[in-house]
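**Q** Okay, here's the structure, questions in a sec.
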Amino acid sequence: MKITRIIEKQMIVSINNEKKTVRDGTTLTELLLGEKIISDAGNLSGIAAAVNEKIVSKKDWNHYEIKEGDSVDVFSMVSGG
């Protein structure tokens, strides 16, 4: 029996100025869930994300693929006075 080994390509991205290794083809939602920045893709209130200094609309997060070398910044809204 022949065993085939699948090797996923990895890439390095920056998340809030920290270098991270993620698999090629990772979406913005997958990245944020994997880093535990968000805990539920259905509850995104108070969170914004920018890739390479451009805000990405929440409606696009599930389809927005992160690329090698991308810089992702995540912002949390805080209320108070």
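The values are calculated or read from the model by the stated rules, or taken from the named source; none is laboratory data. Quick caveat: nothing in here was measured; it's all calculated off a predicted structure. All Cβ positions, even for glycine, are placed from backbone atoms using ideal geometry, and neighbour counts span all protein chains on display. Quick note on the areas: whole protein, heavy atoms, side chains included, nothing else; ligands and nucleic acids left out. Shrake-Rupley method; radii C 1.70, N 1.55, O 1.52, S 1.80 Å.
**Q** So which residues in the stretch 68-81 are in a loop (DSSP other than H, G, I, E, B) and under 12 Å from SER14 (Cβ atoms)?
**A** Listed by number, the residues that qualify are GLU68, GLY69, ASP70.
**Q** Another question about this same structure. Please go through the stretch 35-44 and give me each residue that is at pLDDT 85 or above and loosely packed, with under 15 Cβ neighbours inside 10 Å, ordered by number.
**A** Residue satisfying the conditions is LYS36 alone.
**Q** Residues in the stretch 45-67 that are open to solvent by less than 80 Å² (accessible area, probe 1.4 Å), charged (D, E, K, R) and part of a loop (DSSP other than H, G, I, E, B): how many? Walk me through it before giving the result.
**A** Applying the first criterion (open to solvent by less than 80 Å² (accessible area, probe 1.4 Å)) to the stretch 45-67 yields 46-52, 56-57, 60-61, 64, 66.
From what's left, charged (D, E, K, R): 60.
From what is left, the residues that are part of a loop (DSSP other than H, G, I, E, B) are none.
Residues in the stretch 45-67 being open to solvent by less than 80 Å² (accessible area, probe 1.4 Å), charged (D, E, K, R) and part of a loop (DSSP other than H, G, I, E, B): 0 in total.
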